[in-house]
Structures are given as structure tokens and as C-alpha cells.
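In what follows, a structure is listed as C-alpha cells, so that the remarks can point back to it.
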Amino acid sequence: MNELERLRERLGLEEIALEELERPFRHSSYVNEQPPGLESNERLEFLGDAVIELAVAEYLFQNYPDRTEGELTKIKSVVVSGSILAEKARELRLDRCLLLGHGEEESGGRSNAKLLGDAFEALMGLVFAHYGYERAAALVLRFLQPEIERVAAGRHRQDYKTLLQEWAQQQHQKPVYTLVASEGQDHCKEFTVRVEVNGFSALGKGRSKKAAEQEAARQLYTQLLGDSCP
């Protein structure tokens, strides 16, 4: 039994032919190396993204009547973030199902969080296309409901560097971190870091460079997204 067969069995998708189940995992780099006529996973990814957003929004609306629109938006933005979708993709072993071009394979594409998150979205898009919204939403919540509850209860540790990176990628930019200052004795140093992206910048302080970078990312992410920041 190959990895696609195992995935189909785990998710109860027996009605979907293996050739069809391959579609969510065809990265454009793979398709570009094949004969013309093969479609990448990008259209399914577009569909799956909408399905996931709606399923999570519907669940939040129905189960958290005391939360404001702003609070629900913050929870949803964390739950459907690329880092969490990539984590779910790894749990499903989707990295083993990815079909990548030679260059993407050699550059570590199977561990690329964006490619994994995209594959998860495309898989949900395929489920929607075959079974409809109810079945797709149930599958989405099977994996994301625990995350919803955890984030809603404030039990998540927010990685603002990842969130800022994801935002920057949407703008075709990359955050740049610069160490501005290092003060104090070795056992109690305080570091100051500046992060810049797309013409915006912010400073963060911390007892380590990583902590200062995380604080700088938090400051800038909050500055950029305002009340929609998780």
C-alpha cells in the first residue's frame, strides 16, 4: 500500500480514485517537468482555502456567541495561518505525498511550510469538489477544532516571526532583522533588534537576540494589521 492509499484509507475517501487523489499534491515545479495537460494543485488550493476559512468561521460563529467580530477574526487568523496548516499537513504525512520538480525536491521542498500548507488546502478543496461542503467542513474541523479551542482559550504561543513572514510573502517581501544594540554584562544583557519590511519598521528588546526579534516582529505585525492582529 503506497502513501496515497494510506491517506485515502485514513480519511475515508475511498470513492476518490488514486489518480484524482494525486491532484492536491502536484506542485507547479512537478507539472512543469511533465508533458502538457497536467494541472497543478493551485486551483484546488484556491478552493480549499475558501472552504477552510468558511468552516472555521462558521464554527466560531455558532460556538462563541459571546465573542465580538474582532475577537473571532483574531482567532480565525491564527487557526488558518500557514504554520498551523503546515503542522496539520505533517500530521497527515502529506510531505510524503508531494510531487515536486527536481529543483524543488533538492532544495528541501518537502519540509517547506508553505508547500505543506498549500497541499492541505488543496486536499480540502478536492474533498469539497467530490463530496460537497458538509463533508469537507467536517474534515476541516476534525483537524482544526482542537486548534480553535486552544487559541480561543489563549493557550497558544504566538510565533510573530512566522506570522510576519507569512504576511511579507503575500507582499512578495522578506523581513530583515538587524541587531541595533547589545547592552549590559554578559549574564544580564539586553538586546535591541530592528525589523524592516516593505518600508515599515519596528524595534524589539529582549534578553536574547531571538526574544528581541520575536518582540520586534510582534510590534511590527501589530502595527501593520491593527485590530486584526491575533
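The values are calculated or read from the model by the stated rules, or taken from the named source; none is laboratory data. A quick note: this is a predicted structure, and the numbers were derived from the prediction, not measured. Neighbour counts run over all protein chains shown; Cβ positions are idealised from the backbone, glycine included. These accessible areas exclude ligands, DNA and RNA; they are computed on the full protein's heavy atoms, side chains included. Shrake-Rupley method; radii C 1.70, N 1.55, O 1.52, S 1.80 Å.
Listing for the model above:
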quantity: Subset of the range 89-103 (residues that are over 18 Å from residue 147 (Cβ atoms) and either assigned to a helix (DSSP H, G or I) or not hydrophobic (A, V, I, L, M, F, W, C) (or both)); calculated: 93, 95, 96, 101, 102, 103
quantity: Residue satisfying condition, being farther than 16 Å from residue 94 by Cβ, outside any loop (DSSP other than H, G, I, E, B) and modelled with pLDDT under 95, within set 14, 33, 19; calculated: 19
quantity: Any hit, the range 36-52, residues being touching a His at 6+ places or on another chain (Cβ under 8 Å) and within 27 Å of residue 12 (Cβ to Cβ); calculated: yes
quantity: Yes/no for residue 32 being buried (at least 20 other Cβ atoms within 10 Å of the Cβ) and either on the phi < 0 side of the Ramachandran plot or of a type in the set (S, T, N, Q) (or both); calculated: no
quantity: Meets criteria (of a type in the set (Gly, Ala, Ser), more than 23 Å from residue 160 (Cα to Cα) and either open to solvent by 10 Å² or more (accessible area, probe 1.4 Å) or within 17 Å of the chain's Cα centre (by Cα) (or both)) for residue 107; calculated: yes
quantity: Residues being open to solvent by 40 Å² or more (accessible area, probe 1.4 Å) and out of contact with any Lys or Arg (no Cβ under 7 Å at 6 or more places or on another chain) - total across the range 61-97; calculated: 18
quantity: Matching residues, the range 124-160, being among the charged types (D, E, K, R) and either buried (at least 18 other Cβ atoms within 10 Å of the Cβ) or at pLDDT 95 or above (or both); calculated: 134, 135, 142, 147
quantity: Subset of the range 192-204 (residues that are touching a helix residue (DSSP H, G or I) at 6+ places or on another chain (Cβ under 8 Å) and in a loop (DSSP other than H, G, I, E, B)); calculated: 198
quantity: Within the range 203-213, tally of residues that are crowded, with 17+ Cβ neighbours inside 10 Å and either modelled with pLDDT under 90 or in contact with a Ser or Thr (Cβ under 7 Å, 6 or more places away or on another chain) (or both); calculated: 2
quantity: Search result, residues across the range 161-202 that are surrounded by 15 or more Cβ atoms within 10 Å (Cβ to Cβ), among the basic types (Lys, Arg) and closer than 23 Å to residue 87 by Cα; calculated: 161
quantity: Some residue of the range 55-77 being part of a helix (DSSP H, G or I), closer than 30 Å to residue 2 by Cα and aromatic (Phe, Trp, Tyr); calculated: no
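Residues are listed down the side, and each one gets a yes or a no for (1) in contact (Cβ under 8 Å) with a residue 12 or more places away in the chain; (2) out of contact with any strand residue (DSSP E or B) (no Cβ under 6 Å at 6 or more places or on another chain):
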site	(1), (2)
10	yes, yes
40	yes, no
51	yes, yes
55	yes, yes
65	no, yes
86	yes, yes
100	yes, yes
104	yes, yes
